[in-house]
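A quick write-up on the structure given underneath.
Every read-out reported here was derived from the displayed coordinates using simple, explicitly stated rules and does not represent laboratory data. Just so we're clear, the structure is a prediction, and the values are computed from it rather than from any experiment. Reconstructed Cβ throughout: ideal geometry from the backbone, glycine too, with neighbour counts over all protein chains shown.
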Amino acid sequence: MSAVPQHSSSTTRQHDPQPDPQREVVDICRDLLRLDTTNPGDGSGPGERAAAELVAELLAEVGLEPQIFESEPGRASVVVRVEGDPAGTAERGALLLHGHLDVVPARAQDWSVHPFSGEITTATTADPETPEQEFLWGRGAVDMKDMDAMLLAVVRDRVRRGERPPRDLVLAFMADEEAGGVQGARWLVDHHPGLFEGVTAAVSEVGGFSTTIGGAGGTAGQRAYLLQTAEKGIAWLRLVAHGRAGHGSQVNTDNAVTRLCEAVARIGAHPWPIDVTPTVRRFLDGVTDITGVEFDVDDPASHHRLLDQLGTTARWVGATLRDTANPTVLEAGYKHNVIPGSATALLDCRFLPGHEERLVETIRELAGEGVEVQDVHRDVALETDFEVPLVDRMVEALLAEDPTARVLPYCLSGGTDNKSFSRLGIPGYGFAPLRLPAGLDFAGLFHGVDERVPLDALRFGTRVLQRFIAAS
């Protein structure tokens, strides 16, 4: 499984002048997944150009005029504006709908199918409502070529039908999100801000997906959709420890590796305090309303009781109760019997809104003397309002397709390209709607092995986005 399969694009769209967007979304997503757009973060990947050309072709095919922008050779993004009702645009401004085309690396030998195969299989699920479902496999299936495909299918359908949206839509499909957006969204904002003129809100990943809340004692639990209205900030830091180089056989009390390891151990074990932001508080109150389980900031046992009600989603939610700092890479030395003069480590730190300087200062204190703390990449934390008409339209679109569900705001522990667009004063939301089978470890699929998306979820999300865009 070392070779990447070679596939031609699906031909379904070419032979059907008016394809059903719920069928087309599968074809588009499959074609995108078959393109290797791996982004290792060091510039060594294949880039996004092939995917950008496919997206541009799909948009041009229905009469739109997309533009491809390259920040560097091969690092390509696509932007197009769809004209809407002038009255709606004047009243509410334009709406930005954006996704990213790059994906994180995947080792084929670790997967059940090749990560760029776009294979479809049938699998048994733990959901009594849908005990058997078809899944589309591939790196990017949930992060986020599924949303890219849904946006393309919905907008293509509207344009083909001659249905003008209620206001201008700006569609953007970006490079480099998985490395902070420097060659994608951030580059577009810095070099082509006019593309986003008049935009008053942005919609992208990671929200609108379903999860089951409660269900202890054999009960079915409550299906709830988590709509992202906040995201933690990013501080990617490098630790550099210095010491005395020398022979490995000698006593050395000034060993850079030892100093670095002590610093990493202190940081990795640090108990970051709980701090509940407004978005997280509203989410927790919603869970309490559904389950009856209270959350007490001062009672760690209550934290566990409430998180137990969330299944696999608890990992995401638990990470939004506090700042985090995880050591991810260690580098030191070049020969077994040589003590190096320096050693380095990389930290992935995520901070809650308003906590950036406090987190970095804490890292400096924990690192201790003889260890430098260097910036690699930083970006802002975001928090926006749940009580706005745009969110009302999202909720209405979800409940129209799933009337017995609940919709709750939540904070994303990771980051999105909404950070870059916030530099233009554009508030961002995560709304890539998917109705998922109960028991699916959705959080574990992000950057995980065997990433896949249910076909029914793709079709559901397409219907929801059709409703949302029609009413936005």
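Amide H to amide H distances under 5 Å link residue 323 with 352, where only residues 5 or more positions off or on other chains count and H is placed in the peptide plane. Measuring between their Cα centroids, segment 326-397 and segment 80-97 lie 36 Å from each other. Tell me whether segment 226-377 comes out rounded, prolate or oblate; compute the Cα gyration tensor, take square roots of the eigenvalues as a ≥ b ≥ c, and use a/c under 1.5 as the rounded threshold. Note, shape of segment 226-377 comes out prolate. 3J(HN,Hα) along segment 83-100: 5, x, 4, x, 5, x, 5, 5, 7, 10, x, 7, 10, 8, 10, 9, x, 10 Hz, from the Karplus curve 6.51 cos²θ - 1.76 cosθ + 1.60 with θ = phi - 60°, whole Hz, x for Gly and Pro.
Just for the chain, what percent of DSSP beta bridges are antiparallel, to the closest 5? In the chain, approximately 70 percent of DSSP beta bridges are antiparallel ones. Please work out the Cα center distance from segment 159-187 to segment 33-77, rounded to the nearest Å. For segment 159-187 versus segment 33-77, the Cα centre distance is 12 Å.
Taking a straight line from the alpha carbon of residue 232, these lysines sit under 23 Å away, with near neighbours fewer than eight places off in the same chain left out: 145, 419. Under the rule a/c < 1.5 gives rounded, and otherwise a/b versus b/c splits prolate from oblate, where does segment 141-253 land using the Cα gyration tensor? The shape class here is oblate. Taking the average, over residues, of other Cβ atoms within 10 Å as the packing measure, peptides 148-158, 338-348 rank 148-158, 338-348 from highest down. Here's how it looks for residue 37: its modeled amide H is under 5 Å from those of 103, which are all 5 or more places away or on a different chain. Pairs of Cα atoms under 8 Å, at least six residues apart: use those to get the relative contact order of the chain, whole percent. It rounds to 23 percent for the chain. Shown in residue order for segment 435-441 are the 3J(HN,Hα) couplings computed by the Karplus curve 6.51 cos²θ - 1.76 cosθ + 1.60 at θ = phi - 60°: 8, 9, x, 4, x, 6, 7 Hz (x for Gly and Pro).
Note on the chain: helix-only mean residue ellipticity at 222 nm, from DSSP H runs of 4+ residues weighted -39500 (n - 2.57) and normalised by residue number, equals -9500 deg cm²/dmol. Set against the labelled values [x] 0.96; [y] 1.08; [z] 0.99, Rg/Rh (Cα atoms, Kirkwood Rh) computed from this structure falls on [z]. Legend: ranking of residues 363, 120 from fewest to most surrounding C-beta atoms inside 10 Å; resulting order 120, 363. Which of rounded, prolate, oblate describes segment 11-143, given a ≥ b ≥ c as roots of the alpha-carbon gyration tensor eigenvalues and a/c under 1.5 marking rounded, otherwise prolate only if a/b is larger than b/c? Note, shape of segment 11-143 comes out oblate. For segment 126-133, 3J(HN,Hα) computed residue by residue from phi via the Karplus equation (6.51, -1.76, 1.60; θ = phi - 60°) reads 8, 8, x, 6, 9, x, 9, 9 Hz, glycine and proline entered as x.
Using the Cβ of residue 238 as centre and a radius below 9 Å, the other residues enclosed give a net charge of -2, where K and R count +1 and D and E count -1. In the chain, the longest principal axis of the Cα atoms and the axis of helix 278-291 are about 70 degrees apart.
From least to most packed, judged by other beta carbons within 10 angstrom and beginning with the fewest, 29, 261 follow the order 261, 29. Under 5 Å between amide hydrogens, built in the peptide plane, is the criterion, and for residue 416 it picks out nothing among residues at least 5 positions away or on other chains.
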